[in-house]
Every structure is written in structure tokens, then in C-alpha cells.
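A.B. asks: Sharing a structure below in C-alpha cells format, with a few things to ask.
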Amino acid sequence: MTRTLRFLVPAAAGAAAILIPFVTGPYPLAVARSVLIYMALAVSWDMLLRSGQISFGIAGFFGIGAYAAAITVLKAGVPPIFSILLAGVFAGLVAFLLGFVILRLRAVYFSITTLALAEIFRVIIQNWGDFTGGPEGLVLPGLIFKGDAKSLYWMALAAVLLACALSAFFQRSRLRFALTAIRNNERSARSSGIHIFTYLMIAFVATSFIQGIVGGIQLQGYGYASPDSVFDAYYTLLPLAMALLGGIYSTPGPILGAILLGIAAEYLKLKIPYGHLVVYGIIIVLVILLMPQGLYGLYRRRVKLRAMAGAAGSSPSRSADDNGTGATHA
């Protein structure tokens, strides 16, 4: 049953995602595109979390991707559609270089360092005015699809599919066993011959690559990037809350959490314009305390307990049947 849900949730979400542009208006389509953006970020965050490393650097690599896309278009004349791919490549390259330092850290030290990345990137870009536009930011003279909501939606959906494909690869390849071993017991994993730094680097660069691409796509939606907007903590807190709510260490979990919390987020922004981040923080605390494996994890646990109860219930009757059969033959 759990395996069925593992494929059912992404399949149902994918079918709905394809139908949305044909059955909704501009505003619901914009909300759906926003949900997809955060869904891709949530899935990417969960991929690194499977190694046991809790990163708070989503907004940092998202913002780096947005600025990389803007600068390559404005300064180098790169076609906007290719700037999105370059945004992911640049974010991955930055993660690769930083990884030699911060991937040596563990637990809270790694988390604090990644949390500081967004602020470090923001300060650098804000003070590099001649190249990055300074505090005012950069404005693209023309967008790829000139505000075409459907085309922007398909781009966001492509980012989600890419994130889900990488996440599924992580789950089906030897990366899954290596990252799980590192998360459970790093010393034991090292003694088993697992090159811990290599696998952590792969996960760190892959997730940063996705976050950079998402930043480049988001830039095309607004045509504008400023230090305060693209490095906003909102791009870290909301994907993190989505993954925790839906269920960590899986692909369906962040998808489910993104759908539920993404819709709720739009409502909260309308009702609590300046306090919705507090609600996300409360959700994170409650989920960690009461439901650490999220909705999907809770479902998997109930299915497992039900299967165990069914197996235990069938054992006595099976023994009775065996005894009865033996008595008859006797």
C-alpha cells in the first residue's frame, strides 16, 4: 500500500499540474506556479537532508541563481532561456567550491554556516554595485515569454520534474544507501568503505544546482532581482516547512507538503501580510514535536502497523488449522 501511494501521489499531482493551465484563470495559474517553485525547492532540500545534513542555505543559492541569470543576460548577452541553465551551473559551482570547507562541518555547525550564506551573498551583491546593481538590483529589459503566464507555469513545472527526477535517482541508486548510512552512523559508514565527503558533495552540488535553476526561473516571472527580494528568508522557511509537513526522506512527502502549505501560504499572505512567516515557524515546531516524519511518514507508519497486526492475527489461526489438520490425519 505504501509503495502504491509512493507512485500515486506524484502521479496524481502530475496529472493535476498538466490540467491546471487549461482549466484555471490567470490568478489561480499564478498561485499554482508559485506552489511549483516552492515544491522544487522543498524536494531539493529533502535530497540533502537524507544525508543527515540540515541546510538553511536554500535562499542563498536561489538568490545566486537569480543574479547569475540576470547578469549573464545583461552583461554577456546570453539568451534568457540559456541563462536559466547557467544559473543552475553557477549555483552548483559555488556550492562545489564552498563544499570543500563547509562539508567538513557537521550538525548545528553546518546548519549555522549555511544559514549565514544567504546573508553573505546578499552583502556581497549589495556592495558590488557596479556589477550587480547594488541595493537597487537589476531589471531585465525583456522577458522570455513577455509575461505569458502559461509559459512561465510550464517552466516552473519543468523545474519540479527535474527535481523529482534527481530525487528519484537518489532513491533508486547507491546514493540512497550511502546517504542513509551517513545519516545513521557516519563512523560505521566510513568503516564500510563509503567515501563520505564525495557523497555529501554530490548531494550538496545537485541540490544547489536545482535551487539555482529555480532562482533563474523566478527571475523570468518578475524580471527583477534585488538583494532583499531574492535572498529573502521566505525562500528558506516555506520549502523547509513544506518538506517537514509532507514527510522527509522521500519524494512524495515534499510534493504533498508543497500542495497543502502552498495553497495555505497564499491565504495567509492575504490575511496576515506581515506575520505569515511566524505561522510557518509554528508549523515547523509542531511538526517536529508531534509528527517528525510528516504526513507521508505517518501514513507509512500506520500501514506498517496494520500489516504487522494482520500478520500477528493470522498466525494463531494458521497454527490452529495446522493442529486441526494434524489431528484429523491422526
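A.B. asks: Do any chymotrypsin sites (Phe, Trp or Tyr not before Pro) in the stretch 173-209 lie in a loop, going by DSSP, with at most 13 other beta-carbon atoms within 10 Å of their beta carbon, and if so which?
C.D. replies: Sparse-neighbourhood loop chymotrypsin sites (Phe, Trp or Tyr not before Pro): none present.
A.B. asks: Of F96, Y224, S250, which is farthest on the positive side of the dipole of the chain, counting Cα position, with +1 on Lys and Arg Cβ, -1 on Asp and Glu Cβ, and the Cα centre as origin?
C.D. replies: About the Cα centre, the residue reaching furthest to the positive side is S250.
A.B. asks: Toward the positive end of the charge dipole of the stretch 2-315, about the Cα centre and with charges on Cβ (Lys, Arg +1; Asp, Glu -1), which of N185, A17, I288 goes farthest?
C.D. replies: N185
A.B. asks: A further question follows. Less than 11 Å from a label point 7 Å out along the Cα-to-Cβ axis of Y109: which backbone N atoms in the stretch 168-198 qualify, by residue?
C.D. replies: none
A.B. asks: Right, another one. For the chain, give the magnitude of the charge dipole about the Cα centre (Cβ charges: +1 Lys/Arg, -1 Asp/Glu; no others), in debye to the nearest 20.
C.D. replies: Rounded to the nearest 20 debye, it is 960 debye.
A.B. asks: Return the calculated 222 nm mean residue ellipticity for the chain, to the nearest 500 deg cm²/dmol, obtained by summing -39500 (n - 2.57) across DSSP H runs with n ≥ 4 and dividing by the residue count.
C.D. replies: Numbers: 15 runs with 267 residues, N = 330.
Here the helix-only value at 222 nm equals -27500 deg cm²/dmol.
A.B. asks: Something else: Return the label of the correct value of Rg/Rh (Cα atoms, Kirkwood Rh), as calculated from the structure shown, out of [x] 1.07; [y] 1.17; [z] 1.02.
C.D. replies: Label [x] holds the value from this structure.
A.B. asks: Ok, one more. With the cut-off at 1.5 for a/c, could you classify the stretch 86-130 from its C-alpha gyration tensor as rounded, prolate or oblate?
C.D. replies: Here the stretch 86-130 falls in the oblate category.
A.B. asks: Right, here's the next one. Any idea what the dipole of the stretch 121-225 comes to, in debye rounded to 20, about its Cα centre with Lys/Arg Cβ at +1 and Asp/Glu Cβ at -1?
C.D. replies: 600
A.B. asks: May I pose another question? Could you tell me the center-to-center distance, by alpha carbons, between the stretch 185-210 and the stretch 101-136 in angstrom?
C.D. replies: Going from one Cα centre to the other spans 23 Å.
A.B. asks: Less than 16 Å apart at the alpha-carbon level, and either on another chain or at least 8 residues along: which aspartates and glutamates does that give for K75?
C.D. replies: D130
All of the numbers you see were taken from the coordinates with simple rules; none came from a lab. Note that this is a predicted model, so its numbers are computed, not measured. Note that each Cβ is placed from the backbone with ideal geometry, even for glycine, and that neighbours are counted across all protein chains shown.
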